[in-house]
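Engineer: Right, I'll just put the structure down here and ask away after.
The values are calculated or read from the model by the stated rules, or taken from the named source; none is laboratory data. Because the structure is predicted, anything quoted here is derived from the model rather than measured. Reconstructed Cβ throughout: ideal geometry from the backbone, glycine too, with neighbour counts over all protein chains shown.
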Amino acid sequence: MTTVKIFDRKTLNPQYITDEAGNKSGIILPLFKFDELMNNLTALVKLLESRETTTTAPVEKTVSNNIPNNTSDNSVEAVLAKQRITLLTQHYDFLSKILATVQQYSDLKTELERKIHQQKLLTLVETETQVLRQQITDFKKKTKPAEVYNVPELAKNIVPNTVLFNELKTKILLEAVNDQKWPILLEGLSGVGKSTLVASLAWDEEIRQAFPDGIFWIGLGKEPPVLEDQIWLIQTLEDSSINFVEVEAANEYLRQSCASRSALIILDDVWEVQDLLAFNLASEHSQLFIVTKDSKLLNITQYFIPNVQGYVLKPFTEKQAIEFFLRYIDKKEITATTAPVKLNELVRLSEYLPASLKLLAALLRTQPASIWQSVLERMRSDDYDFPPAYPRALMQALHFNVEALGEQADYYLSLAVFFDYTRIPQATVIMLWRYLYQLMDDQANNFIKELVDKGLLDVKGKPTQRYISLQSLQHDYLVAEAEVEKLHNHLLAAYRRQCGQHGWLSGPNDGYFFQYLAMHLVKSGRKNELKLLLLDFDWMQKKLQVGTVQSFLHDYELLEDRDVTVIKTTLYDAAIILLDNKSELAVQLLDRLWGEKSLQNNKDIQALLNQAKETLPNWVWQPHFEAEAKK
């Protein structure tokens, strides 16, 4: 079977010739690179020719994209089939041109003739590639709506901002300007409904049709795992297992990947500009959409991306707020005139925010008139100390709902202990509640459902892999209210009961334990225990196998210790190899550290290397350099 190497600009590393105006007028490649490119293109054309000769029916050389009105089969399938044949035919003709040019190249005698011919060929490739890329994108758009990934389901009783929705939709569907679709940034207060509006856009049929390679939703938050989010996006977009150890390399690859794709990438809850820049596409067909509560983020982003387009989602009007509140109360006997309190004052104190109104409706729905009045009075005068990053009315409404839980509020507050608050395995939460409060599984599940109904958390995922998701404002409130240091120790104690005789090594692979144990040990002040883990080969191997290389390396950033730093440096040097083959861990440690004289009296590191050597009985140390061999 013929093997053809795939080239791109980065692989070829061309140098450009520019004119006085700075326009690119030519390309220079090393001769060996050009020859290698020509050989591979020749092999590709021959491969296509061999496949063509085995086809039972000849390929049409020219096919119209339109079906005549008098044809008997004018179905969508027929149109798409003909367009597909057209694309394949054009691709074949394109490669045939390249083959002919390559054959001419072999007859050239002088270096100057070769360079001129090389420039003509590269110009041909660039032009034809752009045309084919556009045709493929157009073809995809006519097939089926895009798949959506992690986009929230649309909530019931939503009241969309129709004017802004239509304005954003029009902007998203616009053609690229100067071969680039510039990022769109939507700003608004927490609780104003930004995520709901953008989810409505993501589920819109026309928008799904316009981005056939997928619509991707990434919730960032305050301390996002940016590199892991990049890797998830690239792997999902390409259906591949490619991996990275640096944000910059992943971003560059993402740019290249999106150059030939049409995808909508939504970054929700963005706090820092460097986080969104890790997903900057600079693409002709793909669109980046940024959602933030930070009113300063647009100006900062424009410093790096001057053409980013900014929009603001404002709170409800008084009329809209009252209608929204009554819709969520969902009681026929309660109207704007029969409500126990003046609704215009209630919505004003709620700052006309949909999230505040929804939480108040969940609280007051089943309460008598006296409770309505007391809530209104507290909203007027309450001086409770809330996290300052969010609207006070929103935090008040959240606080009132948590208070109404009574003794069960402690169950909810315990969620403050989790680091990745957007994706907490439900089974882990139930385990913690069973340990702390002796809740049976059905009781825990019922309470989770109650919290969902009140709008205090979300549950996502498949029935067998449910996970709990909190918003950043909910998590910040919980952290401010709970005794988090104690909770770290409680969670560790609950997990310790799940471990067997081998200690932490035999902990459950529940999607949280191995990923975050090291961080909980640090927060609990158990740094010596963490050091033992980080220098235990069995733990290292287990952690690496069940998680990502990025998570594995991150643990070594948590501890400032000389021995840990030695291992950390070694692992980062070996990271590119571990990405391809995690089973290389023992070999990398031994090859890089066994011969280090400065470590020969280090008992902890030598114990680690001896553990690694036990897994490789046939391994023999070989000096890397001649000087080492002489020693």
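Engineer: Give the residue, chosen from Met379, Met395, that is over 25 Å from Leu197 (Cα atoms), assigned by TED's automatic domain parsing to the domain that holds Leu326, crowded, with 20+ Cβ neighbours inside 10 Å and of a type outside the set (Phe, Trp, Tyr).
Structural biologist: Sole residue among the options that is over 25 Å from Leu197 (Cα atoms), assigned by TED's automatic domain parsing to the domain that holds Leu326, crowded, with 20+ Cβ neighbours inside 10 Å and of a type outside the set (Phe, Trp, Tyr): Met379.
Engineer: Scanning segment 592-608 for residues that are under 15 Å from Lys568 (Cα atoms) and in contact (Cβ under 8 Å) with a residue 24 or more places away in the chain, which turns out surrounded by the fewest Cβ atoms within 10 Å (Cβ to Cβ)?
Structural biologist: The selected residue is Leu599.
Engineer: Taking the condition of being of a type in the set (Gly, Ala, Ser) and either touching a Ser or Thr at 6+ places or on another chain (Cβ under 8 Å) or outside the structural domain of Thr548 (by TED's automatic domain parsing) (or both), how many residues in segment 575-627 meet it?
Structural biologist: 1
Engineer: What number goes with the only condition from (1) within 18 Å of Asp453 (Cβ to Cβ); (2) in the same structural domain as Lys181 (by TED's automatic domain parsing) that Val308 does not pass?
Structural biologist: Status for Val308: all satisfied but (1).
Engineer: Moving on to the next point. Looking only at segment 339-355, which residues are more than 10 Å from Glu318 (Cα to Cα) and either touching a Ser or Thr at 6+ places or on another chain (Cβ under 6 Å) or among the hydroxyl-bearing types (Ser, Thr, Tyr) (or both)?
Structural biologist: Ser350
Engineer: Restricting to segment 421-452, and then to whatever is outside any helix (DSSP H, G or I) and buried (at least 20 other Cβ atoms within 10 Å of the Cβ), can you tell me which residue is nearest to the chain's Cα centre (by Cα)?
Structural biologist: The qualifying residue nearest to the chain's Cα centre (by Cα) is Thr422.
One line per residue, one yes/no per condition, for (1) free of Cβ contacts under 8 Å to residues at least 24 places away in the same chain; (2) part of a helix (DSSP H, G or I); (3) more than 29 Å from Phe289 (Cβ to Cβ); (4) in the same structural domain as Val192 (by TED's automatic domain parsing):
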residue	(1), (2), (3), (4)
Gln302	yes, yes, no, yes
Phe324	no, yes, no, no
Arg327	no, yes, no, no
Lys332	yes, no, yes, no
Thr335	yes, no, yes, no
Thr338	yes, no, yes, no
Val341	no, no, yes, no
Asn344	no, yes, yes, no
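Engineer: Can you name every residue in segment 259-287 that is within 16 Å of Trp232 (Cα to Cα) and outside any loop (DSSP other than H, G, I, E, B)?
Structural biologist: Scanning segment 259-287 gives Leu264, Ile265, Ile266, Leu267, Asp268, Asp275, Leu276.
Engineer: If you don't mind, another one. Quick check: is even one residue across segment 520-528 surrounded by 15 or more Cβ atoms within 10 Å (Cβ to Cβ), hydrophobic (A, V, I, L, M, F, W, C) and touching a residue at least 40 places away in the same chain (Cβ under 8 Å)?
Structural biologist: Among the residues of segment 520-528, not one is surrounded by 15 or more Cβ atoms within 10 Å (Cβ to Cβ), hydrophobic (A, V, I, L, M, F, W, C) and touching a residue at least 40 places away in the same chain (Cβ under 8 Å), which makes the answer no.
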